[in-house]
1. Tell me the mean residue ellipticity at 222 nm calculated for the chain from its helices only (DSSP H runs of n ≥ 4, each -39500 (n - 2.57), averaged over every residue, nearest 500).
2. Can you compute the equivalent ellipsoid semi-axes for the chain, i.e. the square root of 5 times each eigenvalue of the Cα gyration tensor, sorted largest first and rounded to whole Å?
3. Rounded to the nearest 20 Debye, what is the dipole magnitude of the chain about its Cα centre when Lys and Arg each give +1 and Asp and Glu each give -1 at the C-beta?
4. Going by amide H atoms built from the backbone, whose H comes under 5 Å of the H on H150, apart from near neighbours?
5. Pick out, in residue order, every one of the chymotrypsin sites (Phe, Trp or Tyr not before Pro) in the stretch 90-162 that is DSSP loop and has at most 16 other C-beta atoms within 10 Å; say none if there are none.
6. What is the gain in length, in nm to one decimal, between W135 and R95 on full extension, counting 0.36 nm per residue of separation less the C-alpha to C-alpha distance?
7. Kindly write out, for the stretch 253-265 in residue order, the coupling ³J(HN,Hα) from the Karplus curve 6.51 cos²θ - 1.76 cosθ + 1.60 (θ = phi - 60°), rounded to whole Hz, with x marking Gly and Pro.
8. Give me the Kirkwood hydrodynamic radius of the stretch 255-346 in Å, from all C-alpha pairs, to one decimal place?
Amino acid sequence: MQLIDAVVIGAGQAGLTASYHLQRTGIDHVLLDRGSGPGGAWRNRWPSLRLGGVHGIHALPGSEFSETDGERPAAEVVAEYFGRYEHELALPVLRPVKVDAVRDGGERLLVESSAGTWAARAVINATGTWENPFWPHYPGQQEFTGRQLHTADYRGPEEFRGQHVVVVGGGISAVEHLLEISQVAGTTWVTRRPPHFTDATFTPEDGRAAVAEVERRVRAGLPPGSVVSVTGLPNSPAVLAARERGVLDRLPMFQRITADGVAWADGTAQRADAILWATGFRPAIAHLAPLNLRAPGGGIQLDGTRAVAEPRLHLVGYGPSASTIGANRAGRAAAHAVRAEIKNSLSHPV
Ligand code: FAD
């Protein structure tokens, strides 16, 4: 077991930002990341997701994000950028290291991982959501003889050429999948609620209002909900063209899955070779279970980035900070809070 001041778990936007500020303030720490290389969740995003097709990536602190070629895969560009950043700043990243559990070890938190255990005064959790795709359950799911996959498994449209794909979900990922797959295959789009397309530009005030709402939820110990989903679906030229082709004619959720497709309550059915669940992600925090953080409302109650039930733990890139800009702010706030706590605790060393 190694003694250390702080452990940061996850080297995405939030974890790298936290590590940058811990390093600047002289806090001895390690950054444990289960990825096989730099890039956080971005390195796993589907190759056909181009830089020009994402909302926008906020630069990491003390650096510039200067890539301008919107045609390059976002996964490749961000992995390169994060890799350069880690290297140039000599951040203490260890990978691949998977954290299996964080436990209360009395005076310190014990971080158990595939590379051993660290006993830390503070832990900053920055594990994102990518490792925890959300799959809803529908009757008949086991009977389907075609392929079921989630956005997390999607690699691009080619493998569906000539097939029929049912895309489930009302968010931006679902629309991106439909735009691509409909070029090579038949598609059906189903969502629980009618999707909200908008011409309006998303203003900074809208962003602040969305973050404030998620912040209110985590303060109250409720599950956070999504910051990025409130933007609505932009009416881009590609979306308008797809609508002309009928690709975005959305159907309500089916009632059940059959051996060869999906069926609605009114007796209509659609044959399908594949069902693509673009149904989002949940925080990847199974390793925090031993800390019993869940509030009665079902979420983790936070005060800023600090867990109310375990004040030595901070969550960043979680809830209100689950965007690249939010991750930057939260990583900084958590690192400064950890520094203040450690300075304080040095007068009572453990
Ligand atoms: P991640 O990037 O997910 O990094 C988490 C890291 O933790 C990963 O490296 C992972 O391997 C590691 N990890 C996880 N579990 C463990 C463990 N147990 N032990 C060790 N390591 C672990 N936001 C924007 O601002 N702009 C956009 O354009 C945008 N586009 C998006 C597109 C998609 C398809 C999705 C799903 C999200 C998008 N977002 C966007 C949201 C954005 O990606 C995230 O909010 C932000 O990048 C997440 O950063 P993060 O550091 O919190 O997590």
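1. On the way: 6 runs with 83 residues, N = 350.
Taking each H run of at least 4 residues, the total per residue is -7500 deg cm²/dmol.
2. Numbers: eigenvalues 297, 96, 72 Å².
Working through the eigenvalues yields semi-axes of 39, 22, 19 Å.
3. Working: 34 positive and 35 negative charges, 141 e Å.
Roughly 680 debye, rounded to the nearest 20.
4. W277
5. Working: sites: W118, W130, F134, F144, Y154, F160; in loops: W130, F134, F144, Y154.
Qualifying residues, ordered by number: F134.
6. Working: separation 40, 0.36 × 40 = 14.40 nm, distance 2.80 nm.
That works out to 11.6 nm of additional length.
7. 4, 6, 8, 8, 9, 10, 4, 10, x, 9, 9, 9, 4
8. Numbers: mean 1/r = 0.0600 Å⁻¹.
After inverting the pairwise mean of 1/r, the radius is 16.7 Å.
A short reminder: the numbers here are calculations on the coordinates, not readings from a lab. Here the structure is a predicted model, which means the values were calculated and not measured. Because the Cβ atoms are built from the backbone with ideal geometry, glycine has one as well, and the counts that use them run over all protein chains shown.
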